[in-house]
Amino acid sequence: MRFVQFEDKGQTKIGLETEIDGNILDLSKNVGFNYKNMVEFLYGGDKSLEAAIRAVKSGVPSVERSQVRLLAPVTHPDKVICIGMNYRDHCEEQGAPLPIEPVIFNKFPSTIVGPYDNILYPDVTQELDWEVELAFVIGKKTRNVTKAAAMQHVFGYTVAHDVSARDWQMKRNGGQWLIGKTMDSFCPLGPALVTCNDIKDPHNLAVKCRVNGVTKQDSTTGELVHKTEALVEFLSKLVTLLPGDVILTGTPPGVGCFRKPPEYLKKGDIVECEIEKIGRAHV
């Protein structure tokens, strides 16, 4: 199932994408579907999924994609957790060793915007960079789970763009990554949150990023150092993961700051982040 959030006449609704870039089934049109957003839906657990399945079987109407505004598939989660240096080929482009343990940082939940929303270009940075990432979303409260049980706690996957102000990440603020990663609009998500049942192997997906139509990143999730199960096990030993929490799993090589010479985004540039079987965001 391909869950989306969309805005219709000022109201946030949950729907199902019929296919990549397809129209939207409006689940709210079924009287038994009473969830207002995806975090609320995820807290409902199996009952929520059953309600969605019943709504589809009841024949809810399809909405033309062009007639609504697609939002991020998850908004206002408790946490947005990010993993750095998590692609082998990204470590190679920096001449850095593979991390033994996951490198953890975070974004504020307020950074999340929709898959087609404009990125705000802050006046305080001159080094705005792109990063396409596979993100997964937690489906149930998770604490101290093993790798073997980890996937029972993952609801699905989406596309993320880890927008980064490299001057603030690498040169300012005492070397802390937070400010360079968490300015307003620095986490476009979506368009769809695709359930695990529809992604048989999340670690064998093509990952691409284009800037103004030119491919900048082109890799596969097979290059991930720490994969989904290992990340859930590691993180759940440190913090309690809650339904709706978003985990960005890292970016492949080709980011602007490690190009020779470095390349950075300009106002008006179009960035497309695409992951096989999930979809494409462009901002």
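Coordinate-derived values only; no laboratory data. Here the structure is a predicted model, which is why all the values come from computation and not from measurement. Note that we place each Cβ from the backbone using ideal geometry, even for glycine, and neighbour counts take in every protein chain shown.
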By average Cβ neighbour count within 10 Å, what is the ranking of 178-185, 31-38 from highest down? 178-185, 31-38
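Hey, which of these cross-link pairs are over 27 Å Cα-Cα: 13/141; 216/237; 141/200; 36/141; 47/181?
From 13/141; 216/237; 141/200; 36/141; 47/181, over 27 Å: 216/237; 47/181.
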Over the chain, what relative contact order in percent results from Cα pairs under 8 Å that are six or more residues apart? 24 percent
Can you give me the distance in nm between label points at residue 9 and residue 151, each placed 7 Å from the Cα along the Cα-to-Cβ direction? 4.2 nm
Straight distance only, please: which aspartates and glutamates reach the Cα of residue 57 with their own Cα at less than 16 Å, same-chain residues fewer than 8 apart left out? 17, 26
Treating each Cα of the chain as an identical point scatterer and ignoring solvent, apply the Debye formula and state log10 I(q)/I(0) at q = 0.08, 0.10, 0.11, 0.13 Å⁻¹. -0.31, -0.49, -0.59, -0.84
P(r) over all Cα-Cα pairs of the stretch 24-140, 5 Å bins from 0 to the longest distance, whole percent per bin, short to long, reads 2, 8, 13, 16, 16, 15, 11, 8, 7, 4, 1, 0
Between the stretch 129-193 and the stretch 243-283, the Cα center-to-center distance that results, in Å: 12 Å
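Taking 22 Å as R0, compute the FRET efficiency from the Cβ-Cβ separation of residue 93 and residue 170 and round it to 0.05. Present the calculation step by step, with values, prior to reporting the outcome.
Values: r = 15 Å, r/R0 = 0.68.
It comes to 0.90.
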From the residues 84, 95, 115, which one has its Cα farthest along the dipole of the stretch 77-122 in the positive direction, the dipole being from +1 and -1 charges on Cβ of Lys/Arg and Asp/Glu about the Cα centre? 115
Please identify, among 89, 46, 167, the residue showing maximal mean-square fluctuation in a Gaussian network model of the chain using a 10 angstrom Cα cutoff. 46
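For the stretch 58-144, which GluC sites (Glu not before Pro) are in a loop by DSSP, counting at most 14 other Cβ atoms within 10 Å?
Listed in order of number, the matching sites are 64.
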Counting other Cβ atoms within 10 Å, which chymotrypsin sites (Phe, Trp or Tyr not before Pro) in the stretch 136-235 have at most 10 and lie in a DSSP loop? none
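Please state the equivalent ellipsoid semi-axes for the stretch 1-64: what are the square roots of 5 times the Cα gyration tensor eigenvalues, largest first, in whole Å?
Working: eigenvalues 54, 35, 26 Å².
Taking √(5λ) for each Cα gyration eigenvalue gives 16, 13, 11 Å.
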Which residues among the stretch 103-146 fall inside the zone where the amide N is under 17 Å from a point 7 Å beyond the Cα of residue 267, along Cα→Cβ? 118-129
Two-decimal log10 I(q)/I(0) for the stretch 31-96, as the Debye equation yields it once each C-alpha is a single scatterer, q = 0.13, 0.17, 0.27, 0.30 Å⁻¹: -0.62, -0.80, -1.22, -1.25
Using only Cα atoms and rounding to the nearest 10 degrees, what angle (0 to 90) does helix 46-57 make with the longest principal axis of the chain? 60 degrees
